[in-house]
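The numbers here are math on the coordinates, done by the rules we state, and not lab data. As the structure is a computational prediction, the values presented were derived from the model and not from experiment. FYI the Cβ positions are ideal-geometry reconstructions off the backbone, even for glycines, and counts take in every protein chain you see.
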Amino acid sequence: MPLKIFTSLTDIAPHEPDLTRLRYQLHCNPELAFCEAETSDLVADQLRAYGYQVHRNIAKTGLVGTLTAGEGRRTIGIRADLDALPITEANTFAHVSRNLGKMHACGHDGHTAMLLGAAKHLAQTRRFSGTVNLIFQPAEERGFDSGAKQMVAEGLFERFPCDAVFALHNHPGKPAGTFMFRSGAFMAAGDRVYIKIVGQGGHAARPHLAHDPIVAASSIVMGLQTIISRNVDPTKAAVITVGKFAGGDAPNVIPGQVELSLSVRSFDPDVRAMLKNRIIALVDSQAKSFEVDAVIDYMEGYPVVSNADEETRFAIEVARELVGSDAVNDNMEMLMGSEDFAYMLQARPGCFLRIGNGPADQGRGLHSPNYDFNDQNLTVGAAFWSRLVERYLDPDRVAA
């Protein structure tokens, strides 16, 4: 009996120049959350040219490409994210962003190009039996009411049934072309808190006649640090970061208002609920002690990314076949970053994985104006997705 043929790196390597040009086109034309009209057009045109049925206007700018081969009834979903970030790019290479203040600083251009590369190869070879649903999702970076959440709410998996779903994200700081997995909880839940401290402004020389919101906000910032150190079980992970502290215009004026913005991360649902309660209570009590008012807008964001055991083991197996065991970490540490693919994993079993993007020094980390996706990953990523589909929809595997 002849050996089964599954996609290898050498199968995709000849397409690398085309994938690179496609990735550069995406990088040059970044679009923000729910505004990815041109990006969606480009993806739709590519999928139609490959022979996919294209379904558009899901969560505004999202789309799904479907392809069926053979007589198999199994289905698989693979997601790529489309949106960019509101960052002014600092790079000077030829494919730098042409849209001022917008940048693919998280590699979604690469994720989309990789999946399109797999789409083309799968359509040409059709070495599977079942249905592939390629999900191109908007607004991953939004932080709340995101593209994945809206696609699921609009009936994504009712319209396009998936026995399992998969997605990946590049990971600066790990060698390009290497894979990282973790079963169970992998990435943190991420909440945002917007706080206005409203006092009474006045002259800097007469602070006793004012209610200084800067002093109150400063005390709140310091008090927030004690929640992690004194309320969270030391064996459980959580983070509270104050990313914005804004207020005042002149050194001799006490302002009337200060704004704080917080990022809150956790893995355990009880810890997440406790953090919310403690933050609200602490901010409110601290504000009262300084005779100012606190207006709190607590926005619960993405849930924990939790990978299913079976699908994760399967994806690890495919990665090892493709690049070898030395290039696969099957038990990566948990990450405090958040990812809205979590909503899809709540609806269907699946796996979210990471692929190394090379060095992260010199400002080349995610969400940096100096970041760029590593094009060495285009071949590896496209080959991985192709092989994953072929192996998942292998009729012999299903029968076994």
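Worth a mention:
- Residue-by-residue Karplus 3J(HN,Hα) for segment 233-239, coefficients 6.51, -1.76, 1.60, Hz, glycine and proline x: 3, x, 7, 10, 8, 7, 9
- Too-long pairs where the Cα-Cα distance tops 20 Å, listed order kept, from LYS196/LYS244; LYS102/LYS174; LYS196/LYS276; LYS149/LYS236: LYS102/LYS174; LYS149/LYS236
- Normalised contact order of the chain, rounded percent, pairs of Cα under 8 Å and 6 or more residues apart: 26
- What separates the Cα centres of segment 335-400 and segment 136-206 is a distance of 15 Å.
- Whether segment 94-174 is rounded, prolate or oblate, judged on the alpha carbon gyration tensor where a/c under 1.5 counts as rounded: oblate
- The sum of -39500 (n - 2.57) across all DSSP H runs of n ≥ 4, divided by the residue count of the chain, sets its helix-only mean residue ellipticity at 222 nm to -11000 deg cm²/dmol.
- Cβ-placed point charges (K, R +1; D, E -1), dipole of the chain about Cα centre in debye, nearest 20: 240
- Virtual spin-label span in nm between GLU317 and ASN99, 7 Å along Cα→Cβ: 4.1
- Rounded to whole Å, sorted largest first: equivalent-ellipsoid semi-axes of the chain, Cα gyration tensor: 44, 23, 19
- Label-zone membership for segment 352-387, site ARG126, 7 angstrom Cα→C-beta point, backbone N under 12 Å: none
- Restricting the GluC sites (Glu not before Pro) of segment 262-321 to loop positions (DSSP other than H, G, I, E, B) with no more than 16 neighbouring Cβ atoms within 10 Å leaves GLU291, GLU300.
- Set of aspartates and glutamates near LYS4 by C-alpha distance (under 15 Å), chain-local residues within fewer than 8 positions excluded: GLU321, GLU390, ASP394, ASP396
- In this rough spin-label picture, where each label sits 7 Å from Cα along the Cβ direction, the GLU259-ALA273 distance is 3.2 nm.
- Only beta bridges with both residues in the chain are counted; by DSSP, about 70 percent of them are antiparallel.
- Trypsin sites (Lys or Arg not before Pro) within segment 186-290: DSSP coil, no more than 12 neighbouring Cβ in 10 Å: LYS236
- Phi to ³J(HN,Hα) by Karplus 6.51 cos²θ - 1.76 cosθ + 1.60 over segment 112-127, Hz, x for Gly, Pro: 5, 5, 4, 5, 5, x, 5, 4, 5, 5, 5, 5, 6, 9, 6, 8
- In order through segment 306-322: 3J(HN,Hα) via Karplus (6.51 cos²θ - 1.76 cosθ + 1.60), integer Hz, x for Gly, Pro: 10, 7, 6, 4, 5, 5, 5, 4, 5, 5, 4, 4, 5, 4, 5, 4, 7
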